[in-house]
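Chemist: I have a structure I would like to understand better, so I am pasting it below and will then ask my questions one at a time.
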Amino acid sequence: MTAVVETEGLTKFYGTRRGLEDLTLDIRPGEVFGYLGPNGAGKTTTIRLLLDVIRPTSGRATVFGASTRDPRVRARIGYLPGELALEGGERARDYLRFLAGVRGGVSRSRIDDLAERLDADLSVRMGRLSKGNKQKVGLIQAFMHEPELLILDEPTSGLDPLVQQEFLAMVREARTAGRTILMSSHVLAEVEHVADRVGIVRAGRLVAVEDIAALRERAVRHVELHFDAPVPREDFEGLPGVRDVSVQGASLRCTIDGRPDALVKAAARHTVVHLVSAEPDLEEIFLTYYSEEEARHAHAGA
Amino acid sequence: MPTLVRKTLGEYRRALVGWTVGLCAFLGMYISIFASMMKDPDTFSKQAIAKYPGALRDLMGGMSDIATGTGYLQAIAYQLLGPLLFTMCAVILGNRALAAPEEAKTLELTLTLPIDRRRLLLERWTALALGLLGVALVTLVVAAGASSAAGMGVPFGRILAAHTGLFLLVLFFGTLTLCVGAAFGRRQIALAVAGVWGVAGYIVETMGRSVDAIAWLRWLTPVHYYLDGRPLYQGWPYGDYLVLLCATAVLLMTALLAFERRDVGV
């Protein structure tokens, strides 16, 4: 299957300032791709290049196998800008109708359904929308024409937690319907529950592309075990993948890398009354990528 | 009507109504006082006019025949204030076509619609031209109506010729603003270019005609092609108007080429 988005050596300089350098990336059909990096890393630059708002300094990018310069490609994309600006005296509903009209038409009920799901009031004049409501209007316009590719730049910024959940549900539905999604964020937590793969970009360069499942496999987990009687610390020392062991009477705390198998087998020799395993902290791995990359650069520079 | 033209006209609606009302009030009021001024012939006697400094008279287009209907209409409506106000309207709307939405970041979403940039710009320009045409038509009716009511005795054909020139002049400045905005994406730059070219052009055309050193500069100002044919006196200056139209077309082509290769919103 051909990639939905394909870039090769995609580079963008703003004068002498590096926006993005040598990005080679494939986004496969039907996947949710999380595009991660701190602010100013080049996420928005990449997205704007894909939508032909800005033009590459060198390299190339295709969407659905066609050049990004072809305006017909954009009818198949739903786009939420990172800095969404809506202003003027026009009502949000009229603006959505205008956008829908240019993209080839969307039924009124589709817009109403989305507005209801996100709890957005479309009768408000755009200049008066709050930040959160602007973001909702932005999401509606991105999803309403059921595009084959959704490109969402920081989609959850400004949304309250309930609406964020609804948004994530919309993303999952879109994926179930076979659509492809590229969403950027500066925090992993925002995308880790929906993304299949994540790309990490830093200072204009793609530093890693990982499967979320593989990332989870390698994730660091904090585990707490409580026994019916005090346990000897030696029983848990030197187990593969288990570190930072601390025993206090009948309870044990440790950190495991990867599989918990060895720990479980060691604990089974005692009577376990309670077990707490925190969600794998992907953020931690995420940060090690950064520090490794940094160390590598520092090393190369030395 | 194409969607984007209709949408842009919708955005312009308030401004268009405001400027139309303002221009009509200006034209209606100043033209209608002609009758009362004629009752007191001293106001515009040769002696009274002679009191104005020569340069000021030049700036106002001579004023030698301001006591006649044609002269008064030229001095009041078509010489300085009329074109100045209408040009301001055109420049403001021209900026709202691309530069203002780019600065406000609303242009980004429009650009990601399945419309190529050329069509986007052409439709925005068409809306600008149609809007200005609408203002021109309403003000034409008011100018012609008021001057006939005031008994100026200027034939409608001449007013139509002068008003057409006014429309072509403001269309030029509106297109110029849009063009600079398309090339640089900044309202201030577009405003500065249009303002300087307009004001300097007017001064060169009116006062420069007697200064040999800068007389040749008159050929470079759109105001020259607007004023020089004296349509209110002599009828249609086809050649001059054609120059204005062609210059507008060149600006539009330039805008298309410049916008096509721009990074928007950077």
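The values are calculated or read from the model by the stated rules, or taken from the named source; none is laboratory data. All of these numbers come straight from a predicted model, not from anything done at the bench. So basically every Cβ, Gly included, is an ideal-geometry build from the backbone, and we count neighbours across all protein chains shown. The protein model used for the area step is the full one, side chains on, heavy atoms only, and it has no ligands, DNA or RNA in it. Shrake-Rupley method; radii C 1.70, N 1.55, O 1.52, S 1.80 Å.
Chemist: Within the range A:92-105, how many residues are at pLDDT 90 or above, open to solvent by 30 Å² or more (accessible area, probe 1.4 Å) and within 13 Å of chain B (Cβ to nearest Cβ)?
Modeler: Counting residues in the range A:92-105 that are at pLDDT 90 or above, open to solvent by 30 Å² or more (accessible area, probe 1.4 Å) and within 13 Å of chain B (Cβ to nearest Cβ) gives 3.
Chemist: If you check A:Ile77 against the conditions, is it within 14 Å of chain B (Cβ to nearest Cβ), β-branched (Val, Ile, Thr) and within 28 Å of the chain's Cα centre (by Cα)?
Modeler: yes
Chemist: Are there any strands (runs of 3 or more DSSP E) wholly within the range A:135-216 with 2 or more residues that are of a type in the set (A, V, I, L, M) and buried (at least 20 other Cβ atoms within 10 Å of the Cβ), and if so which?
Modeler: A:149-153, A:180-185, A:197-202
Chemist: Still on this structure, I have one more. I'm told B:Phe173 meets every condition in (1) open to solvent by 20 Å² or more (accessible area, probe 1.4 Å); (2) in a helix (DSSP H, G or I); (3) closer than 30 Å to B:Met29 by Cα except one. Can you identify the failing condition by its number?
Modeler: Of (1) open to solvent by 20 Å² or more (accessible area, probe 1.4 Å); (2) in a helix (DSSP H, G or I); (3) closer than 30 Å to B:Met29 by Cα, only one is false for B:Phe173: (1).
Chemist: Would you mind stating whether B:Gly71 is on the phi < 0 side of the Ramachandran plot and under 17 Å from the mean Cα position of the chain (by Cα)?
Modeler: Here the answer is no, as B:Gly71 does not meet what is asked.
Chemist: Still on this model: I'd like the full set of residues that are surrounded by 20 or more Cβ atoms within 10 Å (Cβ to Cβ) and touching a Lys or Arg at 6+ places or on another chain (Cβ under 8 Å), limited to the range A:74-91.
Modeler: A:Pro81, A:Leu84, A:Leu86, listed by residue number.
Chemist: From the list B:Ala25, B:Ala48, pick out the single residue that is away from every other protein chain (no Cβ under 14 Å) and within 19 Å of the chain's Cα centre (by Cα).
Modeler: None of the other options fit; the residue is B:Ala25.
Chemist: Within the range B:207-236, take every residue that is out of contact with any Asp or Glu (no Cβ under 7 Å at 6 or more places or on another chain) and within 15 Å of B:Pro83 (Cβ to Cβ) and give me the one that is farthest from the other protein chains (Cβ to nearest Cβ).
Modeler: Checked the range B:207-236; the qualifying residue farthest from the other protein chains (Cβ to nearest Cβ) is B:Arg230.
Chemist: Going through B:Met1, B:Met37 one at a time, which residue ends up being touching a Ser or Thr at 6+ places or on another chain (Cβ under 6 Å) and open to solvent by 10 Å² or more (accessible area, probe 1.4 Å)?
Modeler: B:Met37
Chemist: Take the range B:190-219 and flag every residue that is surrounded by 16 or more Cβ atoms within 10 Å (Cβ to Cβ), among the small types (Gly, Ala, Ser), within 19 Å of B:Leu166 (Cβ to Cβ) and touching a residue at least 60 places away in the same chain (Cβ under 8 Å).
Modeler: Across the range B:190-219, the qualifying residues are B:Ala194, B:Gly198.
Chemist: Mind listing whichever residues of the range B:116-140 are touching a Ser or Thr at 6+ places or on another chain (Cβ under 9 Å) and either more than 26 Å from B:Pro83 (Cβ to Cβ) or not hydrophobic (A, V, I, L, M, F, W, C) (or both)?
Modeler: B:Leu120, B:Glu123, B:Arg124, B:Thr126, B:Gly131, B:Gly134, B:Thr139 - these are the residues of the range B:116-140 that are touching a Ser or Thr at 6+ places or on another chain (Cβ under 9 Å) and either more than 26 Å from B:Pro83 (Cβ to Cβ) or not hydrophobic (A, V, I, L, M, F, W, C) (or both).
Chemist: For the range B:79-114, what are the residues that are at negative phi, within 14 Å of chain A (Cβ to nearest Cβ) and surrounded by fewer than 18 Cβ atoms within 10 Å (Cβ to Cβ)?
Modeler: B:Glu103, B:Ala104, B:Pro114
Chemist: Something else about it: Can you pull out every residue in the range B:248-266 that is surrounded by 20 or more Cβ atoms within 10 Å (Cβ to Cβ), more than 14 Å from every other protein chain (Cβ to nearest Cβ) and either farther than 23 Å from B:Gly165 by Cα or small (Gly, Ala, Ser) (or both)?
Modeler: Selection gives B:Ala255 alone.
Residue by residue, here is whether (1) modelled with pLDDT of 95 or more; (2) closer than 25 Å to B:Arg13 by Cβ; (3) open to solvent by 20 Å² or more (accessible area, probe 1.4 Å); (4) within 14 Å of chain A (Cβ to nearest Cβ) holds:
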site: B:Asp116; (1), (2), (3), (4): no, no, yes, yes
site: B:Trp125; (1), (2), (3), (4): yes, yes, yes, no
site: B:Leu133; (1), (2), (3), (4): yes, yes, yes, no
site: B:Gly153; (1), (2), (3), (4): no, no, yes, no
site: B:Ala161; (1), (2), (3), (4): yes, no, no, no
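Chemist: Could you tell me which numbered condition A:Leu122 fails, if it satisfies all but one of (1) more than 27 Å from the chain's Cα centre (by Cα); (2) more than 15 Å from A:Gly138 (Cβ to Cβ)?
Modeler: (2)
Chemist: Another question, then. Scanning for something open to solvent by 20 Å² or more (accessible area, probe 1.4 Å) and within 22 Å of A:Arg175 (Cβ to Cβ), does the range A:33-56 turn up at least one residue?
Modeler: Looking through the range A:33-56, none of the residues is open to solvent by 20 Å² or more (accessible area, probe 1.4 Å) and within 22 Å of A:Arg175 (Cβ to Cβ).
Chemist: For the range B:29-66, which residues satisfy the criterion of being assigned to a loop (DSSP other than H, G, I, E, B) and aromatic (Phe, Trp, Tyr)?
Modeler: Matches in the range B:29-66: B:Tyr52 only.
Chemist: For the range A:217-246, give me the residue count where each residue is open to solvent by 40 Å² or more (accessible area, probe 1.4 Å) and assigned to a strand (DSSP E or B).
Modeler: Residues meeting the conditions: 7.
Chemist: Ok, one more. In the range B:55-78, what residues are open to solvent by less than 40 Å² (accessible area, probe 1.4 Å) and at pLDDT below 80?
Modeler: B:Gly62, B:Met63
Chemist: Same structure again: For the range A:42-71, give me the residue count where each residue is more than 18 Å from A:Asp22 (Cβ to Cβ) and more than 10 Å from chain B (Cβ to nearest Cβ).
Modeler: Counting residues in the range A:42-71 that are more than 18 Å from A:Asp22 (Cβ to Cβ) and more than 10 Å from chain B (Cβ to nearest Cβ) gives 5.
Chemist: Let me ask another. Confirm whether B:Leu245 is assigned to a helix (DSSP H, G or I), open to solvent by 30 Å² or more (accessible area, probe 1.4 Å) and either under 30 Å from A:Leu49 (Cα atoms) or in contact (Cβ under 8 Å) with a residue 12 or more places away in the chain (or both).
Modeler: yes
Chemist: Filter the strands (runs of 3 or more DSSP E) completely within the range A:1-112 down to those with at least 1 residues that are under 17 Å from B:Leu107 (Cα atoms), in the same structural domain as A:Met183 (by TED's automatic domain parsing) and touching a helix residue (DSSP H, G or I) at 6+ places or on another chain (Cβ under 9 Å).
Modeler: A:77-80
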